[in-house]
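The values are calculated or read from the model by the stated rules, or taken from the named source; none is laboratory data. Bear in mind the structure is a predicted one, so any value in this text is a computation, not a measurement. Cβ sites come from the backbone with ideal geometry, for glycine too, and all protein chains shown count toward neighbours. With ligands, DNA and RNA removed, areas are computed over all heavy atoms of the protein, side chains included. Shrake-Rupley method; radii C 1.70, N 1.55, O 1.52, S 1.80 Å.
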Amino acid sequence: MRDFHYGIYIGRFQPLHIGHEQVIRQALERCETLIIIVGSSYMARTPVNPFTFEERAKMIQMAFMHEVFSGRIVILPLYDYEHDYDWTANLKKGVTEAILDHANKGGIRLHGIRDFKVALTGYGKDSSSYYLDMFPEWDNIQIDTQHGTINASDIRYDYFRRLPRMPHDAVSPKTLQFLKDFSLSEPFKDLVAYKDALSRDNIDYGQGPFLAADVLITWRGKILLITRGKEVGKGTLAMPGGFVEKGERFLDAAIRELKEEANIDGQDIADYLAGHLLADNPKRSLRGRIVSMVFHFDIPAEVEVTTPTGGDDASHADWYDFESLGTELFYEDHHTLITNILAGE
């Protein structure tokens, strides 16, 4: 009989390395079932978050095939909310549902998880594991590891380059093979270009802060989005927008960018300004500290609007049904910003 019915291990696993694997093995020694929570699961690829949830789940499955298929390991995706209280509430909800589902499949009929002993586990000396103290209702297993100096950031830094350095001693053979195969893919090439572009931005502009303006247009049940055409966020969906030029007002910058990126004259829709939102999360962009004013124009259905066409930084522009689009399609925090505006927050 092990110490706990369920263990909870939270990580991004970008990629899964031998330090992660040791934590998992030691957690399995003390927990009947380990629920592995994969963070940043619903985001577009970036040099910091390069692998999809499915790809990271595959890494875990390959490393712990028996435990996954026997039900001793359960893998769950996690949406990253901007605020900690939303993030923790969503995680608790997902864990509760997973435990109840797992117990029910085992023939145990329950309506809550209080009868189970649950422990949050992780490498306690890792600065990214601050969440170990965020769930006081769960027990806590802090695992020491001889692989404590290995971190995924260093692996990614060496890996995403034109001549990638493979982490032979830092990952298991199956994960290494995954990384070798991925290095031959089109997403890998795009991520290397993305990383190089961020480095150039840092040299050219520094870390900011920068001022920017974005435009959200709602019309006939749809929203206007552009597809980013340059290296940073290439292929992702975003609101038209860009940096504010010297001596320029936020609204003037928004109208200029709308014309440049979507070929829509902002002067024609100026009367339909419905509100604005300040996006100032210090960590919202990999390019540095960017503070953006997002302007919302709500155009009546009877008003005709010019057909959008992509230009400047945009390879395409079109009207979209927002509810049908997954968060992983969007550039940085644009899905969250649009959600908040449409919800009136």
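Annotations for the structure displayed:
- The residues of the stretch 256-289 that are open to solvent by less than 30 Å² (accessible area, probe 1.4 Å) and in a loop (DSSP other than H, G, I, E, B), listed by number, are I264, I269, R284, S285, G288.
- Of everything in the stretch 43-89 that is open to solvent by 30 Å² or more (accessible area, probe 1.4 Å) and touching a Gly at 6+ places or on another chain (Cβ under 7 Å), the residue that is nearest to F13 (Cα to Cα) is L76.
- Criterion (basic (K, R) and part of a loop (DSSP other than H, G, I, E, B)) met by exactly one of R161, R156: R161
- Scanning the stretch 298-311 turns up at least one residue that is touching a residue at least 60 places away in the same chain (Cβ under 8 Å) and not in a loop (DSSP other than H, G, I, E, B).
- Checked against the criterion of being of a type outside the set (S, T, Y), at pLDDT below 85 and under 19 Å from I8 (Cα atoms), the candidates K125, K117 yield just one match: K125.
- Restricting the stretch 25-38 to residues that are surrounded by fewer than 22 Cβ atoms within 10 Å (Cβ to Cβ) and in contact with an Asp or Glu (Cβ under 8 Å, 6 or more places away or on another chain), the residue that is farthest from E82 (Cα to Cα): R30
- The residues listed here are D298, D268; of these, the one that is of a type in the set (D, E) and modelled with pLDDT under 95 is D268.
- Hits in the stretch 312-328 (condition: assigned to a strand (DSSP E or B) and either touching a Pro at 6+ places or on another chain (Cβ under 7 Å) or buried (at least 16 other Cβ atoms within 10 Å of the Cβ) (or both)): A314, H316, A317, D318, W319
- Candidate set from the stretch 143-177 (those that are surrounded by 11 or more Cβ atoms within 10 Å (Cβ to Cβ) and charged (D, E, K, R)); member that is modelled with the lowest pLDDT: D144
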